[in-house]
Amino acid sequence: MAKNQALHQWKIEDSIELYGIHNWGAGFFDVANNGEVVFLPSGKDGPTISLLEIIAGLQERGYDMPVLLRIENILASRIAAIHQSFRKAIKNLGYQGEYRGVFPVKVNQQQQVVEKIVQAGMPYHHGLEVGSKGELLAALSLIRDREACLVCNGYKDEEFFNLGLQAQRLGFNVFFVLELPGELAVLLKLSQRLGVRPQIGVRSKLAAKATGHWTDSGGERSSFGLSISEIVDVVDTLKANNMLDCLRLLHYHLGSQISNIRDIRTGVMEGTRMYQGLVQEGAAMGFLNLGGGLAVDYDGSHTNYITSRNYTLDEYCTDVVEAIMTILDEQNIAHPHIITESGRATVAYYSILLFNILDTSVVEETPVPEELPENTPEAVRNLHEAYAALNIRNLQECYNDAIYYHDEVRKLFSTGQINLRTRNLGERIFWALLMRIAREKAHLKNVPRDFEDIDVILADIYYGNFSVFQSLPDAWAIDQLFPVIPIHRLQEFPSRQGIISDITCDSDGRIDHFIDPKGRKATLDLHPLKKGEEYYLGVFLVGAYQETLGDLHNLMGDTNVVAIRADDDGGYQYVREIRGDSVADILTYVEYEPRRILEDLRTTAELAVREGRISASERYSIMQAFEDGLRGYTYFER
Ligand SMILES: Cc1ncc(COP(=O)(O)O)c(C=O)c1O
């Protein structure tokens, strides 16, 4: 769409389509008539809550950007959706077992999050999966429902087993999943000592593998789980100890974010065969645990691309239930209770990172002079000639010249053969050339590959008040895509193409790949900044894995975290607030003592008084500034 036309005709529906909001939003988000992104607490016909209004409320309460916003209703809704979908499939297919979900605590260990999951999961006996002693103790402090499963995965030492067995004595529904061959001996020794008959599970290394980032979690050479021969050894040992009735569960985990339903089906079939084998060995069994993997459609493309999934939740549940039934019915084996450890699909939607844009850097098109000074070097002249000759038919040739002579100009400058002003002239012509090529290429039917990078080179840089390393580690580490969108002004045409740079001093601290229905794109459509007005962006679906993987790069600490709970009538409450780290907090994490820093600074300031650099009262105000600095937020404060 031509720019002028777009400016006049741009509608909210265009923004909804451009940013794919209805594709990835899972019905939780929409855009209001005033161009603001809204949350829909009770579906599309219900009331709406503007994210901008939430930010205004936070600012009145003294919270600066960035803020991690959690919406409690979403969490409850996701847990209900997973259970209802499984219940529907179970009922429709006449499956005899039940569905029991567990939330893998590693996906978001924050107390507030796990507590909410436990509360929202109570009506469904939704349990927790833990992979370490710390996670186990956290889970024990939160689970109230004795029917909810508490699945202990991960490598377990004597203390881990002991904690779990003591929990079982208190009435918790604990499953110990054996991940290493040596674990069984430790468990048997301890359980005999305590007189507890444990519920034992085995994690199987399936041959099946899922494609995607986490493909190594599955397959026979995966680091986790037991091989077939090790599982047979477990059966023999339990038999010998008269404890085969304690073997209750088979577990496997193919990997996270399984985007292709075929991989899920292949895994379930192989897992069910393993389950069948264990029943035929005489184990009591009763539970089949498929691990995680239920994917989130981050890019909204509904495909088997790694940031999407080619199935719906209902299709996932139906396929799983049907595959298990088909195999076990052939063998007349009772249907087990199905456990899944869905992490990402439970919490991703729940959190949004909100931040403001501090400034932009824009490549300016400055006028190119018609005549060049007489002594202009050859390289700059050639750039000028390319600029003058450019037309739709010679774009590639002019582009090649632009790149070559721009390089020459830089070399001449580095070797001292041209001065600053001549270099500047060359740069101006080069950038003007690229901008004209960028405009002209829009009229080409077949755009040469070389031109693909031009938009990126010319993109504006929007400086966002956040840290990729702290808040979106997967965007940096594994190029994970998240939906990033402006949360207001969506009735306006986003006339700029930009990338987003964070406020760490690291060239990796940027977001330069964005969701797109055709795959991924390198720039994001954004609005030009307006003087005196904030511009806010939101990064959506960040509730899974991001918070605890984040780090303190450049000493940017935890952001402010605020949870809201919406009522059905469109009202909402700020139910929980956690102030982000202060500068003093993060200095403490890296072994500084804020008190000692102040003492040292006080000594330096006193010396300055003695040397006559400052007065005693100036020392007072300088020290106040340092104290305020230590108390302040680690992010940019307006
Ligand atoms: C054993 C186990 N279960 C469950 C999960 C959660 O997976 P997801 O977030 O894809 O549901 C993981 C994470 O990789 C895992 O290792």
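The set of residues from the range 407-423 being part of a helix (DSSP H, G or I) and surrounded by 20 or more Cβ atoms within 10 Å (Cβ to Cβ) comprises Val409, Thr422. Test Arg193 against the criterion of being assigned to a loop (DSSP other than H, G, I, E, B) and basic (Lys, Arg), and give yes or no. It is false that Arg193 is assigned to a loop (DSSP other than H, G, I, E, B) and basic (Lys, Arg).
Look at (1) surrounded by 17 or more Cβ atoms within 10 Å (Cβ to Cβ); (2) touching a residue at least 60 places away in the same chain (Cβ under 8 Å) and you find that Trp476 fails only one, number (2). Against the conditions (1) more than 30 Å from Ile12 (Cα to Cα); (2) at pLDDT 95 or above, Asp506 satisfies every one except (2). Might you let me know whether the range 214-226 holds any residue that is within 12 Å of the ligand (Cβ to nearest atom), in a loop (DSSP other than H, G, I, E, B), within 18 Å of Gly277 (Cβ to Cβ) and modelled with pLDDT under 95? Within the range 214-226 (the criterion being within 12 Å of the ligand (Cβ to nearest atom), in a loop (DSSP other than H, G, I, E, B), within 18 Å of Gly277 (Cβ to Cβ) and modelled with pLDDT under 95), the answer is yes, since at least one residue qualifies. Here is a check on your reading of the model: is Asp460 modelled with pLDDT of 95 or more, touching a strand residue (DSSP E or B) at 6+ places or on another chain (Cβ under 7 Å), of a type in the set (D, E, K, R) and closer than 22 Å to Thr360 by Cβ? Yes, satisfied.
With respect to Val107, determine if the residue is in contact (Cβ under 8 Å) with a residue 60 or more places away in the chain and within 16 Å of the ligand (Cβ to nearest atom). Taking the combined requirement at face value, the residue satisfies it. For the structure I just gave you, tell me whether Gly127 is more than 14 Å from Ile339 (Cα to Cα), of a type in the set (Gly, Ala, Ser), within 16 Å of the ligand (Cβ to nearest atom) and crowded, with 18+ Cβ neighbours inside 10 Å. No, not satisfied. For the residues Ile339, Ile352, Ile357, the requirement of being at pLDDT 95 or above and within 16 Å of the ligand (Cβ to nearest atom) singles out Ile339.
Listed by first and then second residue, the pairs linking a residue in the range 236-252 that is outside any helix (DSSP H, G or I) to a residue that is at pLDDT 95 or above and of a type in the set (Lys, Arg), with Cβ atoms under 8 Å apart and 6 or more places separating them unless they lie on different chains, are Met243/Arg197; His251/Arg203; Tyr252/Arg203. Of all the listed residues (Arg87, Arg78), the sole one being surrounded by fewer than 20 Cβ atoms within 10 Å (Cβ to Cβ), in a helix (DSSP H, G or I) and charged (D, E, K, R) is Arg87. If you scan the range 175-195, which residues turn out to be away from the ligand (no atom under 16 Å from the Cβ) and under 20 Å from Val102 (Cβ atoms)? Once the filter is applied, which keeps residues that are away from the ligand (no atom under 16 Å from the Cβ) and under 20 Å from Val102 (Cβ atoms), the range 175-195 yields only Leu187. The number of residues in the range 140-187 that are among the aliphatic types (A, V, I, L, M), within 23 Å of Ala240 (Cβ to Cβ) and out of contact with any strand residue (DSSP E or B) (no Cβ under 9 Å at 6 or more places or on another chain) comes to 2.
Which ones in the range 66-98 are under 20 Å from the mean Cα position of the chain (by Cα) and not aliphatic (A, V, I, L, M)? Of everything in the range 66-98, those that are under 20 Å from the mean Cα position of the chain (by Cα) and not aliphatic (A, V, I, L, M) turn out to be Pro66, Arg70, Glu72, Asn73, Ser77, Arg78.
Residues of the range 336-391 that are under 30 Å from Leu288 (Cβ atoms) and either charged (D, E, K, R) or assigned to a strand (DSSP E or B) (or both): His337, Ile338, Ile339, Thr340, Glu341, Arg344.
Residues that are more than 33 Å from the chain's Cα centre (by Cα) and of a type in the set (S, T, N, Q) do occur in the range 587-605, at least one of them. Scanning the range 1-41 for residues that are surrounded by fewer than 19 Cβ atoms within 10 Å (Cβ to Cβ) and at pLDDT below 95 gives Met1, Ala2, Lys3, Asn4, Gln5, Ala6, Leu7, His8, Gln9.
Ala584: modelled with pLDDT under 95 and not hydroxyl-bearing (Ser, Thr, Tyr), yes or no? Against the criterion (modelled with pLDDT under 95 and not hydroxyl-bearing (Ser, Thr, Tyr)), Ala584 does not qualify.
Thr272 meets all of the listed conditions (1) out of contact with any helix residue (DSSP H, G or I) (no Cβ under 8 Å at 6 or more places or on another chain); (2) closer than 28 Å to Val347 by Cβ; (3) β-branched (Val, Ile, Thr) but one, namely (1). Exactly one residue out of Asp314, Asp263, Asp297 is touching a Ser or Thr at 6+ places or on another chain (Cβ under 6 Å), within 16 Å of the ligand (Cβ to nearest atom) and charged (D, E, K, R), and it is Asp297. When the range 88-104 is limited to residues that are under 25 Å from Val177 (Cβ atoms) and among the charged types (D, E, K, R), the one that is nearest to the ligand (Cβ to nearest atom) turns out to be Arg100. Screening Asp567 against (1) within 16 Å of the ligand (Cβ to nearest atom); (2) exposed (fewer than 15 other Cβ atoms within 10 Å of the Cβ) leaves a single unmet condition, (1).
The values are calculated or read from the model by the stated rules, or taken from the named source; none is laboratory data. Model, not experiment: these values are computed from the prediction. We place every Cβ from the backbone using ideal geometry, glycine too, and count neighbours over all the protein chains shown.
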